[in-house]
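Participant: One structure coming up, written as structure tokens, with questions to follow.
The values are calculated or read from the model by the stated rules, or taken from the named source; none is laboratory data. Note that the structure is predicted; figures quoted are calculated from it, not measured. Here Cβ is always computed from backbone atoms with ideal geometry, including for glycine, and neighbour counts include all displayed protein chains.
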Amino acid sequence: MIKFYEGHGRTLAKVISWRVLLTISHILNGFFATGNWVVGFQIAGTAAIINSFLFWIHERGWNIFQWNRNVSQNLIFSEGNTRSLSKIITWRILITGSNFLIPFILTGSLGSAVLFAGLATVINMFLFWSHERIWNFLKWKKTVKES
């Protein structure tokens, strides 16, 4: 049986690159939802801590499952589009609560929290898909082991 594995260094690099994208997105979404740049930065800062931890757990959890991973000469192994789509769905389920609670706690406004969570859901699904597909083409810290 073939086992596809991504090293912890790769996961950390993915957390960092994902966090950069999301911090920019959260600042802008926070501003659009509240009209206040300071709140946008507060949301982004709080989310950077909480959601980075959630992303790490999500990535390490998906590393356990071998579904829709294939040997690839040029890439060590590749992940199919349906795997990326499935990761988007599980990520959205995990992160939607955080994307609602952080702005709600910081602003006390139900409307701002709903608007932020809605913006984050739509925009970040596209960002997540793009991030996953780009990382799929990088060989760094990918291994294939026979068991």
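Participant: Tell me which residues, restricted to the range 2-46, are assigned to a helix (DSSP H, G or I), of a type in the set (A, V, I, L, M, F, W, C) and under 30 Å from ARG69 (Cα atoms).
Facilitator: Correct list: LEU12, ALA13, VAL15, ILE16, TRP18, VAL20, LEU21, LEU22.
Participant: If you check THR82, THR96, which single one turns out to be touching a helix residue (DSSP H, G or I) at 6+ places or on another chain (Cβ under 9 Å) and of a type in the set (Ser, Thr, Tyr)?
Facilitator: Of the residues listed, the single one that is touching a helix residue (DSSP H, G or I) at 6+ places or on another chain (Cβ under 9 Å) and of a type in the set (Ser, Thr, Tyr) is THR96.
Participant: Return yes when ASN63 is surrounded by 15 or more Cβ atoms within 10 Å (Cβ to Cβ), part of a helix (DSSP H, G or I) and modelled with pLDDT of 95 or more and no when it is not.
Facilitator: no
Participant: Hey, could you check the range 66-82 for residues that are part of a strand (DSSP E or B) and of a type in the set (Gly, Ala, Ser) and say which is modelled with the lowest pLDDT?
Facilitator: Here the residue is SER72.
Participant: Follow-up question, since we're still on this one. Pull out all pairs, ordered by first then second residue, where Cβ-Cβ is under 7 Å, the residues are six or more apart or on different chains, the first lies in the range 121-133 and is within 14 Å of VAL15 (Cα to Cα), and the second is at pLDDT below 95 and part of a helix (DSSP H, G or I).
Facilitator: What qualifies is PHE128/ILE88; PHE128/TRP91; HIS131/TRP18; GLU132/SER84; GLU132/LYS87.
Participant: Here's a follow-up. State all residues of the range 35-49 that are polar (S, T, N, Q) and within 18 Å of TRP18 (Cβ to Cβ); if no residue qualifies, say none.
Facilitator: THR46, the sole residue that qualifies.
Participant: Residues to consider are VAL71, VAL20; find the one that is in contact with a strand residue (DSSP E or B) (Cβ under 8 Å, 6 or more places away or on another chain) and surrounded by fewer than 15 Cβ atoms within 10 Å (Cβ to Cβ).
Facilitator: Among VAL71, VAL20, only VAL71 is in contact with a strand residue (DSSP E or B) (Cβ under 8 Å, 6 or more places away or on another chain) and surrounded by fewer than 15 Cβ atoms within 10 Å (Cβ to Cβ).
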